[in-house]
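The values are calculated or read from the model by the stated rules, or taken from the named source; none is laboratory data. Quantities reported herein were computed from a predicted structural model and do not represent experimental measurements. Cβ: placed from backbone, ideal geometry, glycine included. Neighbour counts: every protein chain shown. Accessible surface areas use protein heavy atoms only, side chains included; no ligands, DNA or RNA. Shrake-Rupley method; radii C 1.70, N 1.55, O 1.52, S 1.80 Å.
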Amino acid sequence: MINKIEKNITPKVAVIVVNYNSETLLQTCLLALEQQIFKPSKVIVIDNGSDLPFDEKTLNKYSFVEFVFLPKNIGFAAAN
């Protein structure tokens, strides 16, 4: 049974997002995370060897995100 969250307690949530060649969808995802009532305490984006480089604006716009760039696509399960 789930209890009500007390008003003075802020839940801590970490989010890992695996990305492959989908910067536009990633921006939508990160914007949604920014707008949450309970903001994640940590957000990590794993770029899974994308062929397309990230726009510097994206990297700078989401300063709350830790970006990890893998040199090749290792698959979703391994990247997560």
Answer yes if at least one residue in segment 1-10 is surrounded by 15 or more Cβ atoms within 10 Å (Cβ to Cβ), in contact with a Pro (Cβ under 9 Å, 6 or more places away or on another chain), of a type outside the set (D, E, K, R) and modelled with pLDDT under 95, and no otherwise.
no
Test result for residue 16, out of contact with any Leu (no Cβ under 8 Å at 6 or more places or on another chain), touching a residue at least 40 places away in the same chain (Cβ under 8 Å) and aliphatic (A, V, I, L, M)
yes
Specify the residue that is nearest to residue 10 (Cα to Cα); the eligible residues are those in segment 24-71 that are in contact (Cβ under 8 Å) with a residue 24 or more places away in the chain and either surrounded by fewer than 11 Cβ atoms within 10 Å (Cβ to Cβ) or among the aromatic types (Phe, Trp, Tyr) (or both).
38
Residue 74 passes all but one of (1) in contact with a strand residue (DSSP E or B) (Cβ under 8 Å, 6 or more places away or on another chain); (2) open to solvent by less than 50 Å² (accessible area, probe 1.4 Å); (3) of a type outside the set (S, T, N, Q); which number fails?
(2)
